[in-house]
1. At a Förster radius of 30 Å, what calculated FRET efficiency corresponds to the Cβ-Cβ distance of B:Q109 and A:L369, to the nearest 0.05?
2. How large is the charge dipole for the protein assembly as shown, taken about the Cα centre, if only the Cβ atoms of Lys, Arg (+1) and Asp, Glu (-1) carry charge, to the nearest 20 debye?
3. Lysines near A:K118 by alpha-carbon distance under 17 Å, same-chain residues fewer than 8 away left out - which ones?
4. Taking chain A as a Gaussian network, Cα atoms linked when under 10 Å apart, which of A:L165, A:L147, A:L395 shows the biggest mean-square fluctuation?
5. Once you place label points 7 Å from the Cα toward the Cβ at B:D54 and A:K92, how far apart are they in nm?
6. May I ask you to evaluate 6.51 cos²θ - 1.76 cosθ + 1.60, the Karplus curve with θ = phi - 60°, for each residue of region A:119-127 and list the ³J(HN,Hα) values in order in whole Hz, giving x for glycine and proline?
7. Among A:N245, A:Q329, A:S15, pick out the residue whose Cα is farthest towards the positive end of the charge dipole of chain A, where Lys and Arg carry +1 and Asp and Glu carry -1 on C-beta, about the Cα centre.
8. Going by a ≥ b ≥ c, the root eigenvalues of the Cα gyration tensor, does region B:3-251 fall in the rounded group (a/c under 1.5), the prolate group (a/b larger than b/c) or the oblate group?
Amino acid sequence: MQSMITVKSDSEFLSEAVFDHFLTRHSELPQWLVKLKQQNWVDYLALPAPSRKMETWRFANVKGLGVDTFRLAQPLAVEEGQSLIERSNRLKNTSGKLIFGNDDLLAEEELSEDLKAKGVIFEPLERAFAQHSEILEEFFMAQESALGSEKFAALHTALNRNGTLLFVPENVEIDLPLVSYHWAQGSESAVFPHTLVIAKDNSKVTFVDVYGAHEKDSSQLACGVSTLYAGPGAQVEYHYLQNWNEASLSFNQLTTIAQRDSNIRAFGLNIGSKHARNEGHTIIDGPGSNAELFSLTVAHKDQEIDQRTLQSHNAANARSNLLFKNALQDTSKTIFSGLIKVAEEAQQTDAYQTNRNLLLSPLAEANSLPGLEILANDVKCSHGAATGQIDDNELFYLLSRGISKPAAQILLVFAFFEEILEKMENEELAEFHRELIHQKLENN
Amino acid sequence: MNALEIKNLHVTIDGQQILKDLSLTLPKGEVHAIMGPNGSGKSTLAKALVGHEDYIVDSGTATMDGKDIFDMEVNERSREGLFLAFQYPAEIPGVTIANFIRAALNARQPKGEDVDAVAYYKDLYSEMERLDIDRKFTSRSVNEGFSGGEKKRCEILQMSMLKPDYCILDETDSGLDIDALKIVADGVNHMRGKDRGILIITHYQRLLNYIVPDRVHIMWDGRIVKSGDKSLAFEVEERGYDWVKQEQTASV
Ligand SMILES: Nc1ncnc2c1ncn2[C@@H]1O[C@H](COP(=O)(O)OP(=O)(O)OP(=O)(O)O)[C@@H](O)[C@H]1O
Ligand SMILES: [Mg+2]
C-alpha cells in the first residue's frame with residue numbers, strides 16, 4: 001500500500017479548499033481528467049442543494065443531506081485493511097475481485113490469463129486512468145444525471161479517484177461474476193466509488209458491487225456513480241449490494257445504456273445507510289433490447305431509502321420491466337418515484353414498472369410516485385404501486401405451528417421478496433442477498 | 001393429569017356467545033371424536049384452544065397435562081404440544097412447505113440451534129412418502145393452489161413432523177376421496193399411541209371406520225350434550241341429530 005499524507009487538516013473537509021488539495025495530491029492524473037474535474041468542482045459549488053420544492057426531491061428529508069461536514073477518507077491502518085480483506089470473502093466463485101478501502105485498492109484477485117488474453121480489462125481506476133486513459137476519456141462520466149443529483153455527480157467527478165473499470169471485448173463470455181468490494185472507514189469519511197462496465201457486442205458478464213463499512217457507527221458519506229454499457233447483443237447482469245453502516249449518507253447513480261438486442265438484468269439491495277438516495281436511469285437506445293430492473297429494500301429504525309428511476313425508451317421493439325420491493329419496519333421511510341418515458345419513435349415498446357411495499361410497522365412510511373410519459377402510439381405500458389401489511393391469517397397460521405412472531409415476520413418478508421430472489425440464477429449471489437437480508441431482519 | 005382438560009368453557013366471537021359451558025377431557029393415549037351439526041361450535045372450540053385472537057374466552061379453563069393453555073401465547077401452545085389441523089388452512093404464497101415445517105421445527109430447538117438439514121429432509125421425505133405426497137410439494141408455497149385434499153394431507157404432514165402431544169383434526173376427512181381418506185387415516189393411526197391424545201372433529205362416521213375412536217361426543221349449541229363409545233357415531237349417522245336435541249330438551 002502506498003503511504004499518503006495522513007494528517008487530518010481542515011483542507012480535507014468537503015469545502016472550497018479540498019479540491020486544490022486533492023489535485024496536488026493526485027498529480028498523476030491525465031490532463032483531460034484534471035480538466036473535467038476542475039469543471040465539475042466549479043459546477044458542484046454552483047449547483048443548488050436539494051430542496052423539497054424541486055420535483056426530483058419531493059418527499060425527501062433534505063435536511064439530512066448536507067455534505068460539508070465530511071472530509072476525504074484517509075488511508076486505512078494496515079490491520080484495518082487486513083480485516084476488510086478478510087471480510088471480502090463471501091463470493092467464492094468469481095472471475096476477479098477488487099477490494100477498496102477508503103478509495104484505496106487494498107487487494108485484488110486478477111483475471112485468469114485466458115481472460116486477459118481475450119482482451120478483458122478488469123482494473124482499479126487508479127491504474128486504469130493511466131493505462132486505459134483512452135477508454136476512460138470516452139466513457140468516464142459520459143452520461144448526465146437525469147434524476148436530480150447533478151450536484152452529487154459533479155462532486156463525484158471532482159473527487160473520485162478509484163473504482164472499477166470492466167471492459168469485455170466482443171463475443172467474450174465470462175461465466176463467473178466479477179466483484180468489487182468498497183469499504184468505508186472512519187468518522188465523517190467521504191468515499192467516491194465508481195463503476196464503469198463496458199460490454200461489447202455479444203459479450204456476457206456479471207458484475208457485483210458490494211458496499212460496506214469497517215465499523216458500525218461512524219458517519220460516512222458515499223457518493224458513487226455506476227455506468228453500464230451493454231453493446232449490441234450483450235448480456236449484462238449487475239448486482240448492487242448496499243450495506244453501508246446505518247449512520248451513513250449515501251448517493252448512488254446508476255445509468256444503464258442498452259443497445260440493440262442487449263439484455264440487462266440489474267438487482268439492487270438496500271440494507272444500510274441512514275439516508276440512501278439511489279437514482280437509476282435505464283436508457284433503451286437499441287431495438288430488441290430488454291432490461292429487467294429489480295430492487296429489494298429492508299428499512300428499519302429511522303432509515304430513509306429514496307429511489308428514483310427513469311426508463312427512457314428511445315428505440316422501437318424494446319422491453320423494460322422494473323420491480324422494486326420495500327419492506328419497512330419501525331419508523332423507516334421509503335420513497336419510490338419512477339417514470340417511464342417512451343419517445344415518439346419507440347413503437348412497440350413494452351415497459352412496466354411496479355413498486356410494492358410491505359409495512360411491518362404502523363409508523364413506517366412508504367411513498368410511491370409512479371409515472372408514465374408516452375409519445376409513441378403503439379406501446380404496452382403499465383405502472384402500479386401497492387402498499388400492504390402482513391396478512392393476519394398467514395401470520396396466525398405460522399404462529400399456530402410454534403414459530404415466533406419475529407421468525408414468522410422474517411419468513412413473510414422473504415416470501416414477499418421471493419419473486420425477485422428467485423430470478424437470480426447464480427445461487428451464490430442469491431445466497432449473498434439472502435444472508436444480508438436475514439442478518440438485518442434478525443438484528444432488528 | 002395427563003390429559004387435555006377443558007372445563008366450563010365460554011367463548012364469544014364478535015359479541016356472540018358460541019361456546020356455552022363446554023367441558024371435555026381427552027386423556028393421553030386416547031382418540032376421541034366430536035360430531036355435531038353445522039354451526040354448533042366445533043371449529044370455535046378448536047380455534048379458541050390454539051388461541052386465535054378473534055375468539056374471546058369469557059370463562060372456563062383449558063389445561064394440557066395440568067399446564068394452563070390460555071396463559072400461553074399462540075406459538076407457545078404449539079411448542080408445548082398442541083396441534084390443530086385446520087378446517088380451512090391458510091395459504092402462504094412465497095413460503096415453501098419445506099421452509100415452513102423447518103421453521104416450525106427450529107422453533108422447538110434450543111435458542112440459536114437449528115435442525116440438521118440432511119436429517120430433516122430425510123424425515124420429511126419419509127413422512128411424505130407415507131402420506132403419498134409427491135416430493136415436488138416441498139418447494140411449493142404452503143397451500144397455494146393446492147386442491148382441498150392436498151391441503152388436508154399437508155396438515156397431516158405437519159402433524160407427523162411436529163409430533164404434538166395433543167392433536168385436533170377439524171374435518172380433515174372432508175374433501176378427501178376414498179384413497180386419500182385411507183392414507184390420511186393410516187397417517188393418523190400411525191401417530192396413535194400412549195403419549196398422544198387425538199381429537200377428531202368430523203361429520204362422517206366413515207372416517208371412524210378407519211380411525212376407531214375410544215369415545216364419541218356430540219356437540220350441540222356450544223356444549224357437549226352426549227358422550228358414548230363408537231356406537232354413538234353409528235346412531236348419529238342413522239338418526240341425525242334431532243333425537244339428541246329432543247333428549248336434551250326432555251332432560252331440561
Ligand atoms: N367471525 C364470526 N363472527 C360471528 N359469528 C361467527 C364468526 N365465526 C363463526 N361464527 C359463528 O359461530 C358459530 C359456530 O361456528 P363454528 O365454525 O364453530 O361451527 P362448526 O361447528 O365448526 O360448523 P361446521 O360443521 O359447519 O364446520 C356459527 O354460527 C358461526 O356462524
Ligand atoms: Mg367447523
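The values are calculated or read from the model by the stated rules, or taken from the named source; none is laboratory data. Since this is a predicted model, take the numbers as computed values, not measurements. Cβ sites come from the backbone with ideal geometry, for glycine too, and all protein chains shown count toward neighbours. The accessibility values were calculated without ligands, DNA or RNA, using every heavy atom of the protein model including side chains. Shrake-Rupley method; radii C 1.70, N 1.55, O 1.52, S 1.80 Å.
1. Approximately 0.10, to the nearest 0.05.
2. I would put it at about 1020 debye.
3. Correct list for A:K118: A:K200, A:K204.
4. A:L395
5. For the pair B:D54/A:K92, the computed spacing is 4.9 nm.
6. Using θ = phi - 60°, the values come out as x, 5, 10, 9, 9, x, 4, 4, 8 Hz.
7. The residue sitting farthest along the positive end of the dipole is A:Q329.
8. prolate
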